[in-house]
Amino acid sequence: MDHELDEHRLPAHVAIIMDGNGRWAQQRHLPRIAGHKRGMNVIEEITTTASDLGIKVLTVYAFSTENWKRPAKEIKYIMSLPTIFFKNFVPKLIKNNIKVTTIGDESALPPATQAAVTAAKEDTSENTGMILNFAINYGSRDELVEVMQRLGSFVQQGKLRPDQITAATIASQLETAQFGEAADPDVIIRTSGEQRLSNFLLWQAAYSELVFTNTLWPDFTSADFMDCLLEFQNRHRRFGGVKNK
Ligand code: IPE
Ligand code: IPE
Ligand code: MG
């Protein structure tokens, strides 16, 4: 096992399921929202580290299509976070040449949340460095349903034959197609000890390395992030072939 990160074999696309905010707060007898607040600051730290390392795309799962099941008060607080987060962070993102993008259905977000997200994307749209991609109101099944509906309508209009629906045409309609060669995450990190995807990037994760850590997201540090990347580098990706020597 190598103990140092090899900067020539870094993943192009890192995706993170930021989990454990609620448990972090509960352990401290704080309301769950205190965990979300602290978790927001962790995004800033990890973004900066990932950008400094030369990662091309960092996708962070911020809100799932299933998270609407949570108490209204908690949802309201989570939805207020982009406004606070981007106000402070956009100048730093611009300084670091980081571009903000999103995946997920933004149209269902409260207007103020939409406005904050749209402004952050517009203010960083010219940046050419790392892409910081927020999955907000994202669900992989919803994403795939939309792709299938779109392809179905192309077939109905006679623009596409059913046998022309291939893995490549499907991938081209996914929201992650905007990241080109880096559309699929090389590694998906999940904090807090849970070992599941929770409707995150199901198609795109076909050959992602999965790295699970028990650390709760509010406690996750740049050093923990580097450890996860090191674990990724110590895996042997075969993509169905045989081990490359
Ligand atoms: C992740 O932390 C943040 C979101 C899902 C928005 P949780 O809020 O899921 O934290 P736990 O899993 O309850 O500890
Ligand atoms: C997944 O975490 C969603 C995000 C991190 C935004 P959850 O905490 O919602 O997932 P489950 O409910 O434990 O599967
Ligand atoms: Mg959770």
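Just so it is clear, none of the values below were taken in a lab; they were calculated from the coordinates. Because the structure is predicted, anything quoted here is derived from the model rather than measured. A quick note on method: Cβ atoms are made from the backbone with ideal geometry, for glycine too, and the neighbour counts reach across all protein chains shown.
Under the rule of at least 5 residues apart or a separate chain, name every residue whose amide H is placed under 5 Å from the amide H of VAL187.
HIS13, ALA15, GLU209
Computed FRET efficiency, Cβ-Cβ of GLU44 and ALA177, R0 25 Å: what is it to the nearest 0.05?
0.35
For the stretch 12-233, just the Cα atoms, rotate onto the principal axes and tell me the three extents in Å, largest first.
58, 40, 36
Express the C-alpha Rg of the stretch 62-152 as a ratio against the empirical globular expectation 2.2 N^0.38 Å, rounded to two decimals.
Against the empirical 2.2 N^0.38 Å value, I get 1.17 for the stretch 62-152.
Defining a contact as two alpha carbons under 8 Å apart and six or more residues distant in sequence, what relative contact order in percent does the chain show?
It rounds to 28 percent for the chain.
Peptides 188-195, 62-69: what's the order by average Cβ count within 10 Å, highest mean first?
Packing proxy ranking, top to bottom: 188-195, 62-69.
Residues with beta-carbon under 11 Å from that of VAL147, excluding VAL147: net charge, scoring Lys, Arg +1 and Asp, Glu -1?
Result for the neighbourhood of VAL147: -2.
Among all the lysines, which ones have a C-alpha under 23 Å from LYS37's C-alpha, if same-chain residues fewer than 8 places away are not counted?
In chain and number order, the partners are LYS69, LYS73, LYS76, LYS87, LYS92, LYS99, LYS121.
How much length would be gained if the chain were fully extended between HIS3 and ARG23, taking 0.36 nm per residue of separation minus their Cα-Cα distance, in nm to one decimal?
Computed gain between HIS3 and ARG23 is 4.1 nm.
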